[in-house]
Amino acid sequence: MKYPILTNFIGGEAIKADGQYLDIYAPQTGEIISKVPLSTSIELDQAVQAARQAFPGWAALTIKERVQIFYRYRSLLAKHKLELSALVVEENGKTMDEAIAEVDKSIEITEFACSLPQLVAGEVEEVSQDVECRYDRKPVGVIASITPFNFPNMVPHWTLPNAIALGNAMILKPSEQTPLSANRIGELLQEAGLPDGVFNIVHGAQAVVEGICDHPGIDAISFVGSTKVAKTVYRRGSASYKRVLALGGAKNYLIVLPDAHEDMTATNIAVSMSGCCGQRCMAAATMIAVGELDSIINKLCEEARKIIPGQNLGAVISQAAKERIEGYINEAEQQGAKILVDGRGATVAGKENGFYVGPTVIDFVTPEMRIAREEVFGPVLTIIRADSVDEALKIENASVYGNAAGVFTQSGGLAKYVTERVSAGMVGVNIGVPVPREPFSFGGWNESKFGVGDITGKSSIEFWTKLKKTTVKWNPEARTNWMS
């Protein structure tokens, strides 16, 4: 194996777990590169105890003191960017350019955390004669973050810089399929000077997730993953009186109008549907073609054929994922859809055991087909034909999801008409992947998110803190008023 067997990271120390281990595969080659422990409630309880012990001292520091560590940590992320990116390529299968972009986003989120002292300053007002009211933000306590395989470096950073800088202690449960990046993050945080126990890692699978939901020593949970599991985490965590913010799946629609710019539309949609092998909740899943758009569709297919597995397209996460994605394509074809670009059976010379699916474009899909309703999570774009903007909006708004949506048009009026009516939390105009940049926050609607607030940006501050309101009167000679 290329990497040592992983350990948990608890109280600043590498802690071996007793019990079973799971193989970690490199998606591009299919080789086993390490093993990850399937931890139990014993290891989780150790992490909770370490976090609870570290929390009071960490929370007692001023936020200006806490963010100094994240200034140093940001520098370490930049210093080790290529190393961290290579680790993402190894365990996730994406291309090096995509991995570098992922780490760059982690750096950007950390930079935002360094600005928190300017954003969470308390307020004071003299509300009556010689009576002052003020409020301050205090940390929630011990929090847990459960993260997916598709962004093993970035998604943990959706939580950790803001939550920890705001004074919380944290337990990270990374995906058991991509756990290597998490341990390196822990090492860099320790090098930056984060006190032991403030950040802990517990590896594992379903048992650890259930333990996090139920553990009385955990005060809040963030989760990113499928909608099915997000619902379970939200329901079970809330039943244990925790704050829960659970981000689920997506089925993102890009509405293309007849006046759309041909080249810009085709290139944007091709990149959106295939970037990170389609394994991202912001990927274009469906293009709704309004009117006669064959020229744009032909151009889109040309762009899709330029995306080559093993060159500018990485691998999907596992053999099971490859089979599931190709199963959706097979079913759509059997139901009458037309395969314009076929990525089934893709192989890469020298990496014949890798988990590859080529870019796939499927036309004449109907809204009732399973591939049009469910999240495929692969480099697959379906095309649904519509006669009008309102019909396209009806199709988009019928989806149970609401993560992202977009419109391609050169008309400002039509763009406004669509963006005001689509049922999605993140919307783009002539942009295939409308991810907000900091300080704007990330979060969808409907069954793409469960809980209040967003996971990044300014909206995350409310989730990771609680308000303390203080009213003070010192002058006994002041005249009597309603505050007396």
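The values are calculated or read from the model by the stated rules, or taken from the named source; none is laboratory data. All figures in this text were calculated on a predicted structure; none of them were measured in a lab. Reconstructed Cβ throughout: ideal geometry from the backbone, glycine too, with neighbour counts over all protein chains shown.
Give all pairs with beta carbons closer than 7 Å in which a residue from region 272-293 that is closer than 19 Å to residue 313 by Cβ meets a residue that is hydroxyl-bearing (Ser, Thr, Tyr) and outside any strand (DSSP E or B); count only pairs at least 6 apart in sequence or on separate chains.
283/272; 284/272
Go through region 455-465 residue by residue and tally those that are closer than 25 Å to residue 231 by Cβ, in contact (Cβ under 8 Å) with a residue 24 or more places away in the chain and not hydroxyl-bearing (Ser, Thr, Tyr).
4
Among the residues of region 353-369, is any in a helix (DSSP H, G or I) and on the phi < 0 side of the Ramachandran plot?
no
Quick check on region 293-345: of everything there that is touching a helix residue (DSSP H, G or I) at 6+ places or on another chain (Cβ under 6 Å) and β-branched (Val, Ile, Thr), which residue is surrounded by the most Cβ atoms within 10 Å (Cβ to Cβ)?
316
Here is a list: 404, 415. Which entry is buried (at least 24 other Cβ atoms within 10 Å of the Cβ) and among the small types (Gly, Ala, Ser)?
On inspection, the qualifying residue turns out to be 404.
Restricting to region 116-127, name every residue that is surrounded by fewer than 14 Cβ atoms within 10 Å (Cβ to Cβ) and of a type outside the set (A, V, I, L, M, F, W, C).
118, 122, 123, 125, 126
Using the structure shown, decide if residue 178 is touching a Phe, Trp or Tyr at 6+ places or on another chain (Cβ under 7 Å) and either surrounded by 17 or more Cβ atoms within 10 Å (Cβ to Cβ) or part of a loop (DSSP other than H, G, I, E, B) (or both).
Yes; evaluated as a whole, the condition is true for this residue.
For region 1-80, which fully contained strands (runs of 3 or more DSSP E) count at least 2 residues that are farther than 30 Å from residue 120 by Cβ?
Once the strands (runs of 3 or more DSSP E) in region 1-80 are filtered for at least 2 residues that are farther than 30 Å from residue 120 by Cβ, what remains is 13-15, 21-26, 31-37.
Residues 10, 63, 15: which one is over 30 Å from residue 311 (Cβ atoms) and out of contact with any strand residue (DSSP E or B) (no Cβ under 8 Å at 6 or more places or on another chain)?
That would be 63, the only listed residue that is over 30 Å from residue 311 (Cβ atoms) and out of contact with any strand residue (DSSP E or B) (no Cβ under 8 Å at 6 or more places or on another chain).
Testing residue 206 on (1) in contact (Cβ under 8 Å) with a residue 24 or more places away in the chain; (2) more than 24 Å from residue 465 (Cβ to Cβ), one condition comes back false. Which one is that?
(1)
Considering 371, 384, which residue is of a type outside the set (Gly, Ala, Ser), surrounded by 16 or more Cβ atoms within 10 Å (Cβ to Cβ) and touching a Phe, Trp or Tyr at 6+ places or on another chain (Cβ under 6 Å)?
Checking each option against the conditions leaves just 371.
Is it the case that residue 195 is under 18 Å from residue 48 (Cβ atoms) and out of contact with any strand residue (DSSP E or B) (no Cβ under 7 Å at 6 or more places or on another chain)?
yes
Could you please tell me which pairs satisfy a Cβ distance under 7 Å, a separation of 6+ or placement on different chains, a first residue in region 314-333 that is closer than 26 Å to residue 31 by Cα and part of a loop (DSSP other than H, G, I, E, B), and a second residue that is among the polar types (S, T, N, Q) and at pLDDT below 95?
Close Cβ pairs (under 7 Å, with a partner that is among the polar types (S, T, N, Q) and at pLDDT below 95) do not exist here.
When you go through (1) within 30 Å of residue 391 (Cα to Cα); (2) not assigned by TED's automatic domain parsing to the domain that holds residue 169 one by one for residue 227, which number turns out not to apply?
If we test residue 227 against (1) within 30 Å of residue 391 (Cα to Cα); (2) not assigned by TED's automatic domain parsing to the domain that holds residue 169, just (2) comes out false.
Looking at region 227-260 only, could you name the residues that are in contact (Cβ under 8 Å) with a residue 60 or more places away in the chain and aliphatic (A, V, I, L, M)?
If the condition is that a residue be in contact (Cβ under 8 Å) with a residue 60 or more places away in the chain and aliphatic (A, V, I, L, M), then 230, 233, 244, 245, 246, 247, 250, 254, 255, 256, 257, 260 are the ones that fit.
Quick grid of which residues meet (1) more than 29 Å from residue 175 (Cα to Cα); (2) surrounded by 14 or more Cβ atoms within 10 Å (Cβ to Cβ); (3) in contact (Cβ under 8 Å) with a residue 12 or more places away in the chain; (4) out of contact with any Leu (no Cβ under 9 Å at 6 or more places or on another chain):
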residue: 73; (1), (2), (3), (4): no, yes, yes, no
residue: 77; (1), (2), (3), (4): no, yes, yes, no
residue: 90; (1), (2), (3), (4): no, yes, yes, no
residue: 98; (1), (2), (3), (4): no, yes, yes, yes
residue: 107; (1), (2), (3), (4): no, yes, yes, no
residue: 129; (1), (2), (3), (4): yes, no, yes, yes
residue: 140; (1), (2), (3), (4): no, yes, yes, no
residue: 143; (1), (2), (3), (4): no, yes, yes, yes
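Determine, yes or no, whether residue 125 is more than 25 Å from residue 232 (Cβ to Cβ) and assigned to a strand (DSSP E or B).
Judged against the criteria, residue 125 is a match.
Hey, can you tell me all the residues within region 356-371 that are in contact (Cβ under 8 Å) with a residue 60 or more places away in the chain and in contact with a Ser or Thr (Cβ under 6 Å, 6 or more places away or on another chain)?
Scanning region 356-371 gives 359, 365.
Within region 227-235, can one find any residue that is more than 17 Å from the chain's Cα centre (by Cα), at positive phi and of a type in the set (Ser, Thr, Tyr)?
So far as region 227-235 goes, no, none of its residues is more than 17 Å from the chain's Cα centre (by Cα), at positive phi and of a type in the set (Ser, Thr, Tyr).
Condition first: free of Cβ contacts under 8 Å to residues at least 60 places away in the same chain and farther than 11 Å from residue 471 by Cα. Now tell me which residues in region 116-127 satisfy that.
Of everything in region 116-127, those that are free of Cβ contacts under 8 Å to residues at least 60 places away in the same chain and farther than 11 Å from residue 471 by Cα turn out to be 117, 118, 121, 122, 123.
If you check residue 156 against the conditions, is it at pLDDT 95 or above, touching a Gly at 6+ places or on another chain (Cβ under 8 Å) and within 19 Å of residue 177 (Cα to Cα)?
For residue 156, the condition - at pLDDT 95 or above, touching a Gly at 6+ places or on another chain (Cβ under 8 Å) and within 19 Å of residue 177 (Cα to Cα) - is not met.
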